[in-house]
Every structure is written in structure tokens, then in C-alpha cells.
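Report on the following structure.
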Amino acid sequence: MGRRHRAFFRLNAIDSRNPRDGRVIEQLGWYDPCAKEAEKQVSLDRERIEHWLKEGAEPSDTVRDLLKRQGISVG
């Protein structure tokens, strides 16, 4: 997402059997690294993220680091 020189990322739950840009099961939040204020950089649905992690979801390395910074234990 975003535009040139203005990155913006969504955090989604996706079935690993689908293509990378395939169907999204659930949108879990977003990350805007260009936002100046820290509270406007990240918005996560903590309850749903923890639900998907308990169900066996495996976050990418980048998302794992982002979750750790927000205090969500990845396991």
C-alpha cells in the first residue's frame, strides 16, 4: 500500500496455501513507518492477533519484530 516514497503496510491473516497477494482472511492492523508521531505509526488489533497466533499463525520476521515492539508475545 502507499505510494512512491510513502510506505504504508497492512497486517493481514492469510492462508499460506494462497498466493502472496491472494485472498485475505482478516485485516489485523496497519503500520505507517513515515508517521512522525509514535502513536500514529502502528494500529494493531491485539485480541485478534493473539487469537491467530494461538491458532498456529506464523508471522514473518518483520511482523514478528513489529509485534515484539508492541509487547505482543509471539511465542
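Here segment 1-13 is the region considered, the condition is being in a loop (DSSP other than H, G, I, E, B) and touching a strand residue (DSSP E or B) at 6+ places or on another chain (Cβ under 9 Å), and the residue that is surrounded by the most Cβ atoms within 10 Å (Cβ to Cβ) is PHE8. Out of segment 44-60, which residues are farther than 17 Å from ASP15 by Cα and surrounded by fewer than 13 Cβ atoms within 10 Å (Cβ to Cβ)? The answer is GLU47, and nothing else. A count restricted to segment 31-42 and to residues that are open to solvent by less than 80 Å² (accessible area, probe 1.4 Å) and not small (Gly, Ala, Ser) stands at 6. Of the residues screened, LEU28 is not one that is in contact (Cβ under 8 Å) with a residue 40 or more places away in the chain and either outside any strand (DSSP E or B) or open to solvent by less than 80 Å² (accessible area, probe 1.4 Å) (or both). The single condition among (1) part of a loop (DSSP other than H, G, I, E, B); (2) at pLDDT 90 or above; (3) open to solvent by less than 60 Å² (accessible area, probe 1.4 Å) that ASN18 does not satisfy is (2).
The values are calculated or read from the model by the stated rules, or taken from the named source; none is laboratory data. All of these numbers come straight from a predicted model, not from anything done at the bench. With ideal geometry, Cβ positions are generated from the backbone for all residues, glycine too; neighbour counts draw on all protein chains shown. Note: accessible area is taken over every heavy atom of the protein model, side chains too, but ligands, DNA and RNA are not part of it. Shrake-Rupley method; radii C 1.70, N 1.55, O 1.52, S 1.80 Å.
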